[in-house]
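The values are calculated or read from the model by the stated rules, or taken from the named source; none is laboratory data. Everything quoted here is computed from the prediction, not taken from an experiment. So basically every Cβ, Gly included, is an ideal-geometry build from the backbone, and we count neighbours across all protein chains shown.
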Amino acid sequence: MGIRVFLPLLLFLSSAIVSFSLYEDQAGITDWHQRYIGKVKHAVFHTQKTGRKRVIVSTEENVVASLDLRHGEIFWRHVLGTKDAIDGVGIALGKYVITLSSEGSTLRAWNLPDGQMVWETSLHTAKPSKSLLSVPINLKVDKDYPIIVFGGGYLHAVSAIDGEVLWEKDFTAEGFEVQRVLQPPGSSIISVLGFINLSEAVVYQIDSKSGEVVAQKSRVFPGGFSGEISSVSSDKVVVLDSTRSILVTIGFVDGDISFQKTPISDLVENSGKAEILSPLLSNMLAVKVNKRTIFVKVGGEGKLEVVDSLSDETAMSDSLPVADDQEAFASVHHEGSKIHLMVKLVNELDNVLLRETIQMDQQRGRVHKVFMNNYIRTDRSNGFRALIVMEDHSLLLLQQGAIVWSREEALASVTDVTTAELPVEKDGVSVAKVEHTLFEWLKGHVLKLKGSLLLASPEDVVAIQDLRVKSSGKNKLTRDHNGFRKLILALTRAGKLFALHTGDGRIVWSMLLNSHSKSQTCERPNGISLYQWQVPHHHAMDKNPSVLVVGRCESDSSAPGVLSFVDVYTGKEISSSDIGHSVVQVMPLPYTDSTEQRLHLIADTVGHVHLYPKTSEALSIFQREFQNVYWYTVEADEGIIRGHVMKSSCSGETADEYCFTTRELWTVVFPSESEKIISTLTRKSNEVVHTQAKVNTEDLLYKYVSRNLMFVATVSPKGAGEIGSVTPEESSLVVYLIDTITGRILHRLSHQGCQGPVHAVFSENWVVYHYFNLRAHKYEFTVVEIYDQSRAENKNVWKLILGKHNLTAPITSYSRPEVFTKSQSYFFAQSVKTIAVTSTAKGITSKHLLIGTIGDQILALDKRFVDPRRTLNPSQAEKEEGIIPLTDSLPIIPQSYVTHSHKVEGLRGIVTAPSKLESTTHVFAYGVDLFYTRLAPSKTYDSLTDDFSYALLLITIVALVAAIYITWVLSEKKELSEKWR
């Protein structure tokens, strides 16, 4: 009787434990997504009385976006293609955002409130040239005030209403390059000023309604122009001559062109080459000369006069009208940890309308750009706000003496990523310091129980999610026993290093390398790569780990290098130095000194390598392994791969004991007429391989696992262009597996009628690569697995029993390996941007491919789907091994997208790192956006999930114990009653 009563209850509770899953409230628990736009190039304010106040921006990441002026949040944004750079932005008719991109060939209109595309027009272009966009400020809705666009040698007039091309002018035959389009208010005649071969100034007066040329004048200037130009009024511009030592005022009154030359030396003593700055000022221009910025006023007859001078680190905005016949501009100067903002009248520089000093983090560097906007205060006076772009690509809004909001837009241009452990939490110290009362504990478990029984209301779901975030401890700044809490170190194109917390993606610290490492010899160092420098183990926990940031003084590879050492925990720069030689390649060595500093070799352009750290201990360690150091270089343009080995110490007066010469060991030359290198790849140096043996049904295969194996993909020269630009007969793809110690080609595979780009991933003994099949008109994945045939004799079990099994024989790359490969190809439905593979602590967990698709999402694909041993009808033994029946295409399962509904716009790379739990791996993706999640390819077989209900488990145990006791009591009573009968 008791069993009948309690059995349904026990089954219900048991099934509740198994089926417990709340997908809605689990969102954001183990993953986060951050949206960015990049470094701002153009900005247009829209602050009408009705509607939201916003600023429209375009960025270097080819993003056009609308930002909230109050909080800096993104209202909407569009990320254009990598080859669709934005050339100009404007607002037409008060409701459309106009963007010009692709060197003046594409004009688009976006709806201002929601960002929906209204129309798109492709414009005719003939050659690459400077593009120009002129949007009329007249709000009249008709076609009398069209948008004027120049690009590719053509001048177009486009209707702002529907994008219709009203007329076009072809200037390609005469080589006319438009520099300025001037549209006087209320007039339909526009003046188009430009140069022919930078030696002849030409002015066209064109009717904007019909495109008819009303007048044309030209005049040759002896010596020519440099191309830099500044519009100062409706009938004057100022340009620099070809020597950059003379300012030329060009006037075009009544159709006549006049030149007036003013040497820079007449304006500034000891002047050098000058540069015209971009701000547009009324009857004035800004010129940079002798590391100073001078303001030059243009008189009525073109006479130039210096009226002010500022530091060259001062940024200025365009002028804007503030009152009747008065215009003002903003200048921002960064001094130490303060920003000085001034707003002055253009015609009266002594009249300062606004002067503010704002405290700011010094890590942001200099001010690069300023965009100013004015508004009417409650007392009817003019107020000003300034949108500034800093050296570290951050975006700040200044208003009323404070920073209203800021955006760290450097994270939209991540170039290199590594991970680091957090510090160990000491006894008696709790970073979070969160204490739960008994009532809160009971309330939390009651909420979890309601969620488990599917009785939670929407308010309870939100409370459960908040409770999990607070109680999970994922945001602590100390490491956890599962290895889920880590630091993601991201180096950006701006030279700024960020430490992001894996818990919620917040910035723990950031450091601008430019502000710390710049010196007299290297004013603008740029970070290029990031390496683990010092990772202390448990016996040396008194030292913090550090990373090495390698940079250059300029973008050229021959420029001197800069090394910066940064403390991982504090973000402070330990030291930095100008190394005095170029940086071509950085090679971390598998050796560390007594302080756990990893040895690195840096190769320069003259064929020398330099050892770091420069200590006697490091030198001693390196000299012991001197003959065992090999590396390779790839010269993709020449089609050559070279292998190198150490030779001797450098000689010469400037050489030190840490400099070494090298000699060429081998060379692989690909014939330029038939093959062009498009991709190279090697295994991760820190990858863990669990076992070298692989069971193949009843046979045993040994993986050929070598850190010296390199994957190379080449394509025929004609096939190096865009997909579909050649026929299948003209293109072929060839892949190689090359030993980088000897230069020996271990495997070669040819794909006829195929084309790049090739995206590949190399792990253990296999490589998977993606390309396009021209014959099938589909993308393909090919997998190649390489096995060691020389160890076939070790398959004999009797040798192992008798002690004749040789497991200690040395393996050397100089002995020709006996290898064989297995390969297979599969169709794939999507184009791919990047590929990565999951990595775990011991390498036991099955591998998943992480495929960055063309839709900027990440698809997790089980490695078993690209197993080369798949057959149409696998045997029973193969099925037991987990081999999937062969299909011609790889599946795309919607539930396998690890990014869920998010998109990592502009996806460029995927980085994986192991956690301490073997089942779990960290996944970090970067592009314009950032995305992080934890992935368990084989499920969490070694831990309980974070949402496991301990309260429900406790209730189940209590119910079981109670059921057992009650059943026992009832059984005893029944037995006693039967005995009394």
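Values for this structure:
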| quantity | calculated |
| --- | --- |
| Identity of the residue in the range 697-732, assigned to a loop (DSSP other than H, G, I, E, B) and polar (S, T, N, Q), that ends up farthest from the chain's Cα centre (by Cα) | Thr697 |
| Total residues in the range 832-852, condition over 21 Å from Tyr736 (Cβ atoms) and in contact with a strand residue (DSSP E or B) (Cβ under 6 Å, 6 or more places away or on another chain) | 13 |
| Failed item, numbered, when His581 is tested on (1) out of contact with any Pro (no Cβ under 9 Å at 6 or more places or on another chain); (2) more than 30 Å from Leu477 (Cα to Cα); (3) not small (Gly, Ala, Ser) | (1) |
| Selection status of Leu930, more than 30 Å from Gly81 (Cβ to Cβ) and either in contact with a Gly (Cβ under 9 Å, 6 or more places away or on another chain) or assigned by TED's automatic domain parsing to the domain that holds Leu80 (or both) | no |
| Extreme residue, nearest to the chain's Cα centre (by Cα), among residues of the range 946-981 that are of a type in the set (Phe, Trp, Tyr) and closer than 30 Å to Phe484 by Cα | Phe948 |
| For Asn347: the one exception among (1) surrounded by fewer than 18 Cβ atoms within 10 Å (Cβ to Cβ); (2) under 22 Å from Gln48 (Cα atoms); (3) touching a residue at least 40 places away in the same chain (Cβ under 8 Å) | (2) |
| Residue within the range 837-853 that is polar (S, T, N, Q), in a strand (DSSP E or B) and touching a residue at least 12 places away in the same chain (Cβ under 8 Å) present | yes |
| Test: residue in the range 551-558 that is assigned to a strand (DSSP E or B) and among the basic types (Lys, Arg) | yes |
| Count of the range 121-159 residues which are over 15 Å from Asp87 (Cβ atoms) and at pLDDT 90 or above | 2 |
| Neighbours by Cβ (under 9 Å, 6+ apart or cross-chain): first from the range 857-882, of a type outside the set (Val, Ile, Thr); second part of a helix (DSSP H, G or I) and buried (at least 18 other Cβ atoms within 10 Å of the Cβ) | Arg869/Glu878; Arg870/Glu878 |
| Matching residues, the range 253-301, being touching a helix residue (DSSP H, G or I) at 6+ places or on another chain (Cβ under 9 Å) and farther than 17 Å from Val237 by Cβ | Ser271, Gly272, Lys273, Val289, Ile294 |
| Residues (modelled with pLDDT of 90 or more and either among the polar types (S, T, N, Q) or more than 36 Å from the chain's Cα centre (by Cα) (or both)) located in the range 601-622 | Thr615, Ser616, Glu617, Leu619, Ser620, Ile621 |
| Scope the range 900-928; condition of a type outside the set (Ser, Thr, Tyr) and within 16 Å of Thr492 (Cα to Cα); matching residues | Gly906, Leu907, Arg908, Gly909, Ile910, Val911, Phe924, Ala925, Gly927, Val928 |
| Positions within the range 347-394 being more than 21 Å from Leu67 (Cα to Cα), hydrophobic (A, V, I, L, M, F, W, C) and assigned to a strand (DSSP E or B), in sequence order | Val352, Leu353, Leu354, Ile358 |
| Residues of the range 163-182 classified as over 14 Å from Lys209 (Cα atoms), touching a residue at least 12 places away in the same chain (Cβ under 8 Å) and either more than 35 Å from the chain's Cα centre (by Cα) or not assigned by TED's automatic domain parsing to the domain that holds Gly94 (or both), total | 8 |
| Residue check, Gly194 over 20 Å from Val239 (Cα atoms), touching a Phe, Trp or Tyr at 6+ places or on another chain (Cβ under 7 Å) and in the same structural domain as Ala43 (by TED's automatic domain parsing) | no |
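Results for (1) closer than 19 Å to Ile196 by Cβ; (2) of a type in the set (Val, Ile, Thr), shown as yes or no for each residue.
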{"position": "Asp235", "(1), (2)": "no, no"}
{"position": "Val239", "(1), (2)": "yes, yes"}
{"position": "Leu247", "(1), (2)": "no, no"}
{"position": "Val253", "(1), (2)": "no, yes"}
{"position": "Leu267", "(1), (2)": "no, no"}
{"position": "Asn270", "(1), (2)": "no, no"}
{"position": "Ala274", "(1), (2)": "no, no"}
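Quick grid of which residues meet (1) closer than 30 Å to Gly855 by Cα; (2) crowded, with 18+ Cβ neighbours inside 10 Å; (3) modelled with pLDDT under 95; (4) over 33 Å from the mean Cα position of the chain (by Cα):
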| position | (1), (2), (3), (4) |
| --- | --- |
| Lys778 | yes, no, yes, no |
| Tyr787 | no, yes, yes, yes |
| Ala792 | no, no, yes, yes |
| Lys799 | no, no, yes, yes |
| Arg816 | no, no, yes, yes |
| Gln824 | yes, no, yes, no |
